[in-house]
Amino acid sequence: MAPRSKPKPGEPSSSDAATPLLPERCIDHKNKNIRKEKWRELRLQKNKEKREARKKRQKVREELGKDAPPVLQPHTIETLRIPDVTTVQPDDLETQQADRLDEFGGYFGREAAPRVLLTAGDFPSPKTRDFMKELALVIPNTEVRLRNFSSVKKTARVAAAKGYTDLIFINEDKSKKVMANGLLHVHLPDGPSALYRLSNVKLSAEMRRIKEFTHHRPEVVLNNFTTMLGHRVGRMLASLFHFDPEFKGRRVMTLHNQRDYIFFRHHRYEFKNEKKCALRELGPRFTLKLRSLQKGTFDSKTGEYEWIRKRHEMEDSRRKFHL
Amino acid sequence: MPRHCHNVYVGAETGVLKGINVTEGEVQTSNFHNLTALERENEICSMCWGDDEQRQVLLGLRSQQVKVYDTVQGTFTMSRQLSSGSGPVIGLAKHQGAVITAVESGIVTLWRYAESERVSVNALTTGEKLCRMRQSPADSAVLATGGQENDLQLWDLARPEQPVFRAKNVRPDMLDLRVPVWVSDITFLEDARRVATCHRHSVVRLYDTASGQRRPVMSVTVGEDEPLTCLSRTHRDHQVLVGSGRGRLELCDIRMGRTVLALKGVAGGVREVYCHPERSYAASVSLDRFLLLHDLDTKKLLHKVYLKSRLNCVLMRRNFSLNPEDAEEDEVEDAAVQPAPASTGPELEDEEDDLQIVEEFLDVPPEETKKKKKRKLPKLKISGEDVADASPKKPKLPKLVDMSKKKKKKKVKAGESKG
């Protein structure tokens, strides 16, 4: 294992007394067998130190009881996430005002009830058709229509004229024999268009238990949409469902964002007592990943994008997330 | 922090004007609006400097209002509701103390006080909507307009019936189809006879208005399907900076006919780009709510500022610099030039500045305007004497004459600070 930076001819090498060496640096040896042995010893020593430290902490916790320092949390990618500048603060006045003047201001101001039109490509496969039927049951006030060879722009224009508030296109790539892999959500009349990659679709028929759908308007739970982009996407997805849920139906849709993947789940809940709640999963489950958010209705050639996923520029760190 | 310390001004979609003070180490932002009283109709659609000293900022709103913000006083001094055509104000300029507005429906108006003196031009004889109106740096009466299916036209306010120059579309493509036109931004190059336009169909076109050729001299395709939304000339005459709706910022060399450099850091569509005319700074503002400051020579991203609202317009001061020595030079030069206008009487001078937009309250004495005209750029003269006497605020004269000491100093300093 070569050292990371080779000392330049004029400069002193790293083994000078100026900077103390990391323990790993002592292990560098050109002979692989010797190197292996040294690493093994180092690892054993480190694990021993860890065990002793843990024993000490446990002792301290037992002794102090309630006054003990809190338990150390393990590092996960979520805890090590690079903090995002655009994280929405709850008391931020400017964001609140921007939300009021947004494309979804009408929905969140309880003026426009959503009316969704759901369609797919020209000849959707049977699985996609089943998925669309299920989505129509899951999202209230949805109509499923065949595309009839019309273009996305034309469909958006006509649907806006007819009073629909949202348009969803399910895209499938038949050459890959996968059921459906894309979802385009266009908010009408001039709202943003979000393009998602759809994956891991599981229909209710494939789930183990027998399901019963009711037609009560569901509640919507949005988890973990922290950044500005996440905030906008969360509002966009929430605007698909009616703003007045019927709590009697005990139906809940969860859109959970984790590491830029949005998981959609549909449950029926029942509170057994104050602390315990039983969940039964109904309906389809699928995963969405945002590919682009475009300002205005779908116009890929001449339109402006609010956010576009540029893999090599944006995803250079495993700890960096955008939603 | 005194208000005139801001060196970059940004207009947002929610109608908020933001002033940003960018220094080498840090960035400070302030909002100039009451955040509880925002309306969608007050979206800032265009911005420009109100005067040569860059003390006033003119804002054009979606509701066809024009507002004036005074940077020294730190307040909005004037607001005027205009009614000409329909649509937001997409272009602003000033000519002899009066404001020129261009609206989306194609009407470009010079708002002089007397209604008989108002000049109105209908730029949208063909096409769907007007997208941009820019003023020539050489002659403030010459305007360039362009829009969706409306190619570049140059208008002279003295002759409003016919455009001075009307561009012709390129020849049909290899399938013999007419090439679509959607001019999204226009810029005059330094000699003011060459005009560059960028199109939403991913081309940048260069026109030579004095040559008699109506077709573009050069047509550069930037990327594939990149809807170019904004354009700015840079400190180098042969290069322009283009921003696209997909978040690409590219430095396009018009001589070579290709892109030279792509700047990184934009995630959303670029709304406006503003390059400093002499130094290598480029400010860009995008829909992902960030203001980006790049250095075109070193290709680095100097600052990335999050500004919470979707941003529409950006302006940079002439004395903008992250190098403190440049700032000192500018101060010295500013101080040297200031005594001239102050000699007419400081109080009167201020009043004139404030109320110049609509000359309802004071008749602008002809002397004042003449003096102001003097300070504007004269026609091109290639002679050493003119350069020596020229104030630093005039744009660069051709390169032959421009190898002045000032530029050499800057290069050395740039090497030291960035080396």
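Computed from the coordinates by the stated procedures, all read-outs in this text should not be read as laboratory data. Just so it is clear, the model here is predicted, and its values are computed rather than measured. Every residue, glycine as well, gets a Cβ built from its backbone with ideal geometry; the counts of neighbours run over all protein chains shown.
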Which order do the peptides B:95-104, A:253-262, B:112-121 take when ranked by the mean count of other beta-carbon atoms within 10 Å per residue, highest first?
B:95-104, A:253-262, B:112-121
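Are there GluC sites (Glu not before Pro) in the stretch A:266-322 that DSSP puts in a loop and that have at most 11 other Cβ atoms within 10 Å, and which ones? Don't skip to the end; give the middle numbers.
Details: sites: A:Glu270, A:Glu274, A:Glu281, A:Glu304, A:Glu306, A:Glu313, A:Glu315; in loops: A:Glu274, A:Glu315.
Answer in residue order: A:Glu274.
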Over 19 Å (Cα to Cα) - which of A:Lys127/A:Lys176; A:Lys310/B:Lys18; A:Lys289/B:Lys264 fall in this group
A:Lys310/B:Lys18; A:Lys289/B:Lys264
Given 25 °C and 0.890 mPa s, how large is the Stokes-Einstein diffusion coefficient of chain A in µm²/s, with Rh as the Kirkwood radius over Cα pairs?
102
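Computed from the mean reciprocal separation of all distinct C-alpha pairs, what Kirkwood hydrodynamic radius does the stretch B:1-142 have, in Å?
Numbers: mean 1/r = 0.0630 Å⁻¹.
After inverting the pairwise mean of 1/r, the radius is 15.9 Å.
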Value at 222 nm in deg cm²/dmol, rounded to 500, when DSSP H runs of n ≥ 4 in chain A each add -39,500 (n - 2.57)
-8000 deg cm²/dmol
Any chance you could get the radius of gyration and Dmax over the Cα atoms of the stretch A:28-163, in Å?
29.8, 76
I'd like the Karplus ³J(HN,Hα) series for the stretch A:52-64: coefficients 6.51, -1.76, 1.60, θ = phi - 60°, whole numbers in Hz, and an x wherever there's a Gly or Pro.
5, 4, 5, 4, 4, 4, 5, 4, 4, 5, 5, 5, 7
Counting other Cβ atoms within 10 Å of each Cβ, which GluC sites (Glu not before Pro) in the stretch B:133-217 have at most 16 and sit in a DSSP loop?
B:Glu149, B:Glu161
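Partner chain Cβ atoms within 10 Å, averaged over the residues of B:257-270 - can you pull that number for me? Don't skip to the end; give the middle numbers.
On the way: counts 0, 0, 0, 0, 0, 0, 0, 3, 1, 3, 12, 10, 8, 2.
Mean inter-chain Cβ contacts per residue within 10 Å come to 3.
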Using DSSP to define loop residues, name the GluC sites (Glu not before Pro) in the stretch A:64-116 whose beta-carbon has at most 10 other beta-carbon atoms within 10 Å.
A:Glu111
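What number comes out for the charge environment of B:Ala262, summing +1 per Lys or Arg and -1 per Asp or Glu over other residues with Cβ under 10 Å away? Walk me through the numbers on the way to the answer.
On the way: positive: B:Arg248, B:Lys264, B:Lys299; negative: B:Glu250.
Once all neighbours under 10 Å are counted, the net charge is +2.
Is there a pair in A:Lys174/A:Lys320; A:Lys50/A:Lys275; A:Lys162/B:Lys129; A:Lys133/A:Lys177 whose C-alpha atoms are over 29 Å apart, and which pairs would that be?
Details: A:Lys174/A:Lys320 33 Å; A:Lys50/A:Lys275 37 Å; A:Lys162/B:Lys129 25 Å; A:Lys133/A:Lys177 20 Å.
From the list (A:Lys174/A:Lys320; A:Lys50/A:Lys275; A:Lys162/B:Lys129; A:Lys133/A:Lys177), the Cα-Cα distance tops 29 Å for A:Lys174/A:Lys320; A:Lys50/A:Lys275.
With the cut-off at 21 Å, report for the stretch B:139-273 the share of all Cα pairs above it, as a whole percent.
On the way: 3460 of 9045 pairs.
In whole percent, the share of Cα-Cα pairs in the stretch B:139-273 beyond 21 Å is 38.
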Under a Cβ-Cβ cut-off of 12 Å, what is the net charge of the residues other than A:Glu63 that fall near it, where Lys and Arg count +1 and Asp and Glu count -1?
+3
With unit charges on the beta carbon (Lys/Arg positive, Asp/Glu negative), name the residue among A:Ala53, A:Leu188, A:Ile82 whose Cα is farthest towards the positive pole of the charge dipole of chain A.
A:Ala53
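If you place +1 on the Cβ of every Lys and Arg and -1 on the Cβ of every Asp and Glu, how big does the dipole about the Cα centre of the stretch A:240-323 come out, in debye to the nearest 20? Mind showing how you got there, number by number?
Working: 21 positive and 12 negative charges, 101 e Å.
In debye, rounded to 20, the stretch A:240-323 gives about 480.
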Modelling each spin label as a point 7 Å along the Cα-to-Cβ direction, I'd like the B:Glu224/A:Ser151 distance in nm, to one decimal.
1.9
Compute the long axis of helix A:152-161 from its Cα atoms, compare it with the longest principal axis of the Cα atoms of chain A, and write down the angle in degrees, 0 to 90, nearest 10.
50
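For B:Glu104, what charge total do you get from the other residues with a beta carbon under 12 Å from its beta carbon, if Lys and Arg give +1 and Asp and Glu give -1?
On the way: positive: B:Arg62, B:Lys129, B:Arg132; negative: B:Glu128.
Value of the local net charge: +2.
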Given a Förster distance of 45 angstrom, what is the FRET efficiency for A:Lys177 paired with A:Asp92, based on the Cβ-Cβ distance and rounded to 0.05?
0.45
Order of A:Ser150, B:Ser232 under a 10 Å beta carbon neighbour criterion, fewest first
A:Ser150, B:Ser232
